[in-house]
Structure formats: structure tokens, C-alpha cells
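The values are calculated or read from the model by the stated rules, or taken from the named source; none is laboratory data. All figures in this text were calculated on a predicted structure; none of them were measured in a lab. Note: ideal-geometry Cβ built from the backbone for every residue, glycine included; neighbour counts use all protein chains shown.
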Amino acid sequence: MSLTDAELGDLLALTQQADSVELKLTIPDSAQRSTATALDVDPLDAQIRQVYFFDTPDLELDAEGVVVRARRVQGKGDDSVVKLRPVDPGELSPELRALKDFGVEVDAIPDGYVCSASMKGSPKADVRETVANGGPVRKLFSKEQRALYDEYAPAGIGLNDLAVLGPLFVLKLKFEPEELSRRLVAEMWLYPDGSRVVELSTKCPPSEAFQAAAETRAFLSNRGIPVSDEQQTKTRKALDFLSAELTA
């Protein structure tokens, strides 16, 4: 990633205010099979996930930087999140930052970076049953998540007004190469039209961000894994695909 001096300064300022940094890389379609071979990963070790997004058909939440999602996770149960992206950490209240389920993270990809904030939760209602039976979406989110949504979502659009986008199936695999000594995560997002997005990522404390980036890039280069500046983030593709599917 090539940054100007101003962009580098902005990135440093953001990481100093974040709780974590996640380095992400999407793999081109033509290199997905060779990447799996180079990393020596076994797809049968992957965890199955089913991901639902909630938005209006024309993605009004997304336009305001709000992402609402719920997941079913094999062996772990359900979870949900309300995410703000992009966000200025300096504009977030100390009370919000102090909540245990709230976090600020900088996501860095080869062609840029973005700061996001997330409020995570464990739904009291079953995600599958709620979606299948048209139940109230609000029940999938905690009191704190609903308060965050109400503060940042467009006026007049409640959680129960949102359409269900999805689900999408995701395979997630965690592994730690010996020569890297850092855990990597591989995710494959599968779409109904047969397309897919494969992402590699690693998370680290803000103080280790630049060292982690250098070490990870060197590891990928040694394994012959391409690092392209043309990135397709999984959430962006998911929202665009599911919105088009919903309105077709």
C-alpha cells in the first residue's frame, strides 16, 4: 500500500485511537486455488457460518455508514452486530467507548484503510426462526445495540422496518503458519450465482500494526500469494449483490 505523507499521518492518528487493527487482503479469483495450496490449509477444518444483513432495499443504512448484521455460527450459536463505518473515534463518547461489547478498529487493505466501530451482542431470539417467521428484527439486538442504531441510523427507519438481505454462506478457517508466528484467518464468502470472495486477514494491537503488515506481506510474497491493489471487500460485495437480488 502506497500512502502519501498526509494519508500516513491520518492512519497513524487513527491507529492510536483504535482498540485493534485488522489487515485484510482479498485474493483474485484466478489465484484462490493456488493460495489454498500455498497455505496448506484444509477446507474441512473450516467453520460454517450463515450471514444475514438488514437494510432497506436501496441500502439507505449503508449510505449513512451503518451496517446491521446477524450470524449463525456452527458450534457457537448466534451473534449480531451494529457497525458504523467510517467513523471518527474522536467523535465517540467516553461512555460508549467504555462499554465492553463496543470496539473501534482500523481495517487496512492494500489500497486504503477505514476506521469502524462495532457493538456486538448475543441475540436472545433465534436468528433462523426470526427470519423464517418474519419476527421482529429488534429482538436480535441488545439494548445497547438498539441505542447505537437509533442514534446513527436515518430518521424514520426502525430496525423492524428493515428488509432481510441474505443469507450468505461463509467458510472461516483460522491457522498459524510456523514461519509467521501470527494467526491468519481465511474466509470464503459463497454467493448464489456461484461467485465467491476469499479474504485473508490478521488482527493485531495498534502498536504492532506496521510490523504486522511488513511481516505478513513478506510471508505472502514468499508463498507466491499475490497482493493486489484492486480489492473487493466482502461486505461491499455482499450488500450490493443482496440488494440487487432483493429488488430484481
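Each residue in the range 159-184 was checked for being over 16 Å from residue 36 (Cα atoms), in a loop (DSSP other than H, G, I, E, B) and touching a residue at least 40 places away in the same chain (Cβ under 8 Å), and 2 of them qualify.
When the range 160-190 is filtered for residues that are aromatic (Phe, Trp, Tyr) and farther than 17 Å from residue 52 by Cβ, only 175 remains. Residue 155: more than 18 Å from residue 236 (Cβ to Cβ), among the hydrophobic types (A, V, I, L, M, F, W, C) and loosely packed, with under 15 Cβ neighbours inside 10 Å, yes or no? So residue 155 fits the description; yes.
Report, by residue number, each residue of the range 153-183 that is out of contact with any helix residue (DSSP H, G or I) (no Cβ under 8 Å at 6 or more places or on another chain), over 21 Å from residue 243 (Cα atoms) and not polar (S, T, N, Q). Hits for the range 153-183 are 172, 174, 176, 178, 183. Return a yes/no flag: does the range 91-106 have any residue that is within 17 Å of residue 235 (Cα to Cα), touching a Leu at 6+ places or on another chain (Cβ under 6 Å) and either surrounded by 17 or more Cβ atoms within 10 Å (Cβ to Cβ) or at pLDDT below 95 (or both). Yes, the conditions are met somewhere in the range 91-106. Restricting the search to strands (runs of 3 or more DSSP E) fully inside the range 1-89 and requiring at least 2 residues that are under 30 Å from residue 156 (Cβ atoms), modelled with pLDDT of 95 or more and not small (Gly, Ala, Ser) gives 47-55, 66-73, 77-84. For the range 211-248, a residue qualifies if it is over 25 Å from residue 84 (Cβ atoms), hydrophobic (A, V, I, L, M, F, W, C) and surrounded by 13 or more Cβ atoms within 10 Å (Cβ to Cβ), and the qualifying residues are 219, 220, 225, 227. For the range 107-137, the candidate set comprises residues that are of a type outside the set (S, T, N, Q), surrounded by 18 or more Cβ atoms within 10 Å (Cβ to Cβ) and assigned to a helix (DSSP H, G or I); within that set, the residue that is nearest to the chain's Cα centre (by Cα) is 127. Here 187, 215, 230 are screened, and the one residue that is closer than 21 Å to residue 106 by Cα and assigned to a strand (DSSP E or B) is 187. State yes or no: is residue 243 hydroxyl-bearing (Ser, Thr, Tyr) and not in a helix (DSSP H, G or I)? Taking the combined requirement at face value, the residue does not satisfy it.
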